[in-house]
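As structure tokens, the structure follows; a few thoughts come after it.
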2 protein chains.
Amino acid sequence: MSFLKSILSALKPGIVQADTAAPIPGYTHGQASVARAPYSLDDLASLQKALLFNDEDVQALRQSAAILADQTDAILDVWYGFVASTPELVVFFGNTRTGEPDPVYLEAVRKRFARWILDTAEANYDQAWLDYQYEIGLRHSKFKKNKTDGAQSTAQVNFRYIPALTIPITTTLKPFLAKHGASAAEVEKIHAAWVKSVLLQSILWSQPYIRDGEF
Amino acid sequence: MSFLKSILSALKPGIVQADTAAPIPGYTHGQASVARAPYSLDDLASLQKALLFNDEDVQALRQSAAILADQTDAILDVWYGFVASTPELVVFFGNTRTGEPDPVYLEAVRKRFARWILDTAEANYDQAWLDYQYEIGLRHSKFKKNKTDGAQSTAQVNFRYIPALTIPITTTLKPFLAKHGASAAEVEKIHAAWVKSVLLQSILWSQPYIRDGEF
């Protein structure tokens, strides 16, 4: 990253810098450290079919990329506000010694969460994307939670909350989709595509929680 | 059931008879044979909170009861059409000897599926309802699949398709919600409540698939 870009980045903290920005700690999408997913691109295609996820949804998600690019910080304020006000959720960011939410852990996750918004909007479903979904699942489960950020927190995010978060994430996203002139019909279409995509991802993230042979 | 009611029921096959109708084979909601759910009503309340599921959603679901009561057969035609045209799904109704979908099994499930539409719309979240969600989950998993109907079919519905079906079920339901004069805004509200409710149920149904202590 150039010196100029790094200055600009520091001056505009609300704008997530994509590929050209400073590396996001722990964001290992596409890196050799990421294990091969236990599900294939064919499995993904079958799941997309069951979810009625089609090319129109891909286009709608990509349309949202430009709409959301300068809003990720505001969106995360809303999402983090929801988590903070929901004891059942904030506990997963709690420090197990103090019992209080861990601000360092919250902030580390937040940077990757912002990038996740853009990755979801980009909708590039290749092997690297699939493998990283598996990695995200592991990081919610007892297999890898806390490891990325060296956090001292709960051993896992309980399974039940992973698909459930599809709703608050996509419901609170909707007003942001309307902020750059998209018509009401376009907003509905993009919102529906987001619901499908987040649910799809939450299913892939759930794999580490499922008994052998039952996924 | 009176003789008159049984005649009326036979004459109107498209109308699901609720409590007063002939018993639905295998529909054991509220019966002593149903095991206690491994999650509590408090767990349910927490999950509803995470899903932004509130009293307005309950009211919207109940509003849908009257709208859907005489449409369950038409809705099931659409749902079964989707399953039949999706090899990844119809396999779960396949006879393991012939490799063909089992019409007796399909029909037995369909009667309970019609009743499930009405139960979802009634939105009565008591212990009997919770226990029956667990029972439904078991019947999708290797623990109890095929047992209720004596079917010779696949050992399980794979986990991944259970939350996924939230989308086709609620997407194809939407036009039916608009058929009895509800406004576009009311239809949106009812549809959103249905998405939350079906996702919530699919999470409860997933419990038998989850590793011990991770649900």
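Taking the alpha-carbon distance from A:K144 and a cut-off under 19 Å, which aspartates and glutamates remain once sequence neighbours fewer than 8 residues away in the same chain are dropped?
A:D102, A:E107, A:D131, A:E135, A:D212, B:D212, B:E214
About its Cα centre, how strong a charge dipole does segment A:63-154 have in debye, to the nearest 20, once Lys and Arg get +1 and Asp and Glu get -1 at the Cβ?
The calculation lands at about 440 debye.
Tell me which of B:L173, B:Q133, B:Q156 sits at the most positive position along the dipole axis of segment B:82-215, charges placed on C-beta atoms (Lys, Arg +1; Asp, Glu -1).
B:Q156
Output the DSSP H helices from chain A with an along-axis C-alpha extent of no less than 15 Å and a mean Kyte-Doolittle hydropathy no less than -0.5.
In chain A, the long hydrophobic H runs are A:55-68, A:72-84, A:103-122, A:166-177, A:184-205.
Taking all pairs of distinct Cα atoms, average 1/r, flip it, and tell me the Kirkwood hydrodynamic radius of segment A:29-100 in Å to one decimal place.
16.3
How are the Cα pair distances of chain A distributed, in percent, across 5 Å bins from 0?
1, 6, 14, 18, 20, 18, 14, 6, 2, 0, 0
For segment A:160-215, what percent of Cα pairs sit more than 16 Å apart?
49
Say the dipole of chain B comes from +1 at the beta carbon of Lys and Arg and -1 at that of Asp and Glu; which of B:F93, B:L76, B:S40 then lies farthest toward its positive end?
Farthest towards the positive pole: B:F93.
Rounding to the nearest 20 debye, state how big the charge dipole of segment A:67-215 is about its Cα centre with +1 on each Lys and Arg Cβ and -1 on each Asp and Glu Cβ.
Roughly 300 debye, rounded to the nearest 20.
If we hang a label 7 Å off Cα along the beta carbon direction at A:S33, how far is it from the matching labels on the other copies, in nm, shortest first?
Nearest to farthest, the other copies are at 5.4 nm.
With the other protein chains left in place, how much accessible area per residue, in square angstrom, belongs to chain A at a 1.4 angstrom probe?
Roughly 45 Å² per residue, with all protein chains present.
Sorted from shortest, what are the nm distances separating the label point of B:G181 from equivalent points in the other copies, each placed 7 Å from Cα along Cα to C-beta?
With the label placed 7 Å along Cα→Cβ, B:G181 yields 4.2 nm.
Could you list the square roots of 5 times each eigenvalue of the Cα gyration tensor of segment A:119-215, that is, the equivalent ellipsoid semi-axes, sorted largest first and rounded to whole Å?
Gyration-tensor ellipsoid for segment A:119-215: 28, 15, 13 Å.
Charges at C-beta only: +1 for Lys and Arg, -1 for Asp and Glu. How large is the resulting dipole of the protein assembly as shown about its Cα centre, in Debye rounded to 20?
About 500 debye.
Taking the label point as lying 7 angstrom from Cα along the Cα-to-Cβ axis, what are the distances from A:V90 to the corresponding position in the remaining copies, in ascending order and in nanometres?
5.1
With a ≥ b ≥ c the root eigenvalues of the C-alpha gyration tensor of segment A:63-137, is it rounded (a/c under 1.5), prolate (a/b larger than b/c) or oblate?
It is oblate, given that a/c is not under 1.5 and a/b is not larger than b/c.
Rounded to two decimals, what is the ratio between the C-alpha radius of gyration of the protein assembly as shown and 2.2 N^0.38 Å?
Against the compact-globule rule of thumb, the ratio is 1.03.
Looking at segment A:33-99, which trypsin sites (Lys or Arg not before Pro) are in a loop (DSSP not H, G, I, E or B) and have at most 11 other Cβ atoms within 10 Å?
Those that pass, being in a loop and sparsely packed, are A:R36, A:R97.
For segment A:107-164, what are Rg and Dmax over the alpha carbons, in angstrom?
That works out to 12.2, 33 Å for Rg and Dmax.
The values are calculated or read from the model by the stated rules, or taken from the named source; none is laboratory data. Note that the coordinates shown come from a computational prediction; the quantities given were computed from them, not determined experimentally. Cβ atoms come from the backbone with ideal geometry, glycine included; neighbour counts cover every protein chain shown. Quick note on the areas: whole protein, heavy atoms, side chains included, nothing else; ligands and nucleic acids left out. Shrake-Rupley method; radii C 1.70, N 1.55, O 1.52, S 1.80 Å.
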